[in-house]
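Okay, structure first, notes after.
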Amino acid sequence: MPDYTGFQYEDAVKDATRKKFRMSISDSLHILGKPGGQILKQNPPPHSLVKQKRMIYVTITKRSPDKILSGRLPEMYGKNYLRKKRELDEHFQIRSKVIEKRYDPAEEGQILEVRYQGKTIMDNKGRNNEIQIEKGDELEFIISEKSGGLIEIPNLVCRTYDEAQFLLENLGLMVGDVKTEGTVSELSSAYIIAQDPVANGGTIKMESAIQLTVSQEKPGKCE
């Protein structure tokens, strides 16, 4: 019996016919990286002694990938990206790619959105269970990060420097340049009389700095 493993099915049929054998496909599998129509195994096995006109049953690679319905995928929203990446690769032969990191107060690296070819599979609004995904293809992920978020600019005027510094640290912001008006003998107890950017309802990126102007005297407009 010739060894046809690794042959393209059509070429193997021609060779088997010349040698007075018949050939039939018993099964087909999709294997990443292998072209379709390649013989993976055969029965009877190679080099066994058989009679002529014997039927050879072969398993070949599929010419088109298997498809998985998105409803078969595990729940991923709010889950750890690295764990789900391994699960998709090991159990579904699906690759993963992070396309965006977005600020979220939750734990870093959690899945916020899953997409496939421009279609949203799942996010905080729910999930679509009817999308067909090819094995070996790639899902796109948006995951959480703790930096880079936008928050409202706090009003620091009339607070002491220590109070302002404490508030900024808790908001994920920083104290920038500090200017003084008049003599400031004790910075920690000095009052904020101006800030840049000003608190006018706008937003600022986390980890940004706010410039302060301080005075030892409490401004008359402060209660």
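N128 passes every criterion in (1) under 15 Å from the mean Cα position of the chain (by Cα); (2) under 13 Å from E75 (Cα atoms) apart from (1).
At least 2 residues being of a type in the set (S, T, N, Q) and either touching a strand residue (DSSP E or B) at 6+ places or on another chain (Cβ under 9 Å) or not assigned by TED's automatic domain parsing to the domain that holds D137 (or both) is the threshold, and among the strands (runs of 3 or more DSSP E) wholly inside segment 23-77 those reaching it are 39-43, 55-61.
For segment 14-41, the candidate set comprises residues that are modelled with pLDDT of 90 or more and among the basic types (K, R); within that set, the residue that is surrounded by the fewest Cβ atoms within 10 Å (Cβ to Cβ) is R18. Within segment 112-139, residues that are in contact (Cβ under 8 Å) with a residue 60 or more places away in the chain have Cβ atoms under 8 Å from residues that are acidic (D, E) and outside any strand (DSSP E or B) in these pairs: E134/D66; K135/D66, counting only partners at least 6 apart in sequence or on another chain. When we screen E217, E169, E186 for residues that are out of contact with any Leu (no Cβ under 9 Å at 6 or more places or on another chain), free of Cβ contacts under 8 Å to residues at least 24 places away in the same chain and not hydrophobic (A, V, I, L, M, F, W, C), the only hit is E169. Restricting attention to segment 189-223, which residues are touching a helix residue (DSSP H, G or I) at 6+ places or on another chain (Cβ under 9 Å), assigned to a loop (DSSP other than H, G, I, E, B) and of a type outside the set (G, A, S)? Within segment 189-223, M206, Q216 meet the criteria.
Regarding segment 149-159, can at least one residue be identified that is under 17 Å from the mean Cα position of the chain (by Cα) and at pLDDT below 90? No, there is no match, as no residue in segment 149-159 is under 17 Å from the mean Cα position of the chain (by Cα) and at pLDDT below 90. Only one of (1) polar (S, T, N, Q); (2) surrounded by fewer than 18 Cβ atoms within 10 Å (Cβ to Cβ); (3) not assigned by TED's automatic domain parsing to the domain that holds Y191 is not met by S96, so which one is it? Condition not satisfied by S96: (2).
Taken together, the residues in segment 180-223 that are exposed (fewer than 14 other Cβ atoms within 10 Å of the Cβ), farther than 12 Å from A164 by Cβ and more than 38 Å from the chain's Cα centre (by Cα) amount to 10.
A single member of D162, D177 is assigned to a strand (DSSP E or B) and touching a residue at least 12 places away in the same chain (Cβ under 8 Å), and it is D177. From the list L112, L139, L168, the lone residue that is hydrophobic (A, V, I, L, M, F, W, C) and either part of a loop (DSSP other than H, G, I, E, B) or outside the structural domain of E75 (by TED's automatic domain parsing) (or both) is L168.
The values are calculated or read from the model by the stated rules, or taken from the named source; none is laboratory data. Computed from a predicted structure; not experimentally measured. In this analysis, Cβ positions are derived from the backbone assuming ideal geometry, glycine residues included, and neighbour counts consider all displayed protein chains.
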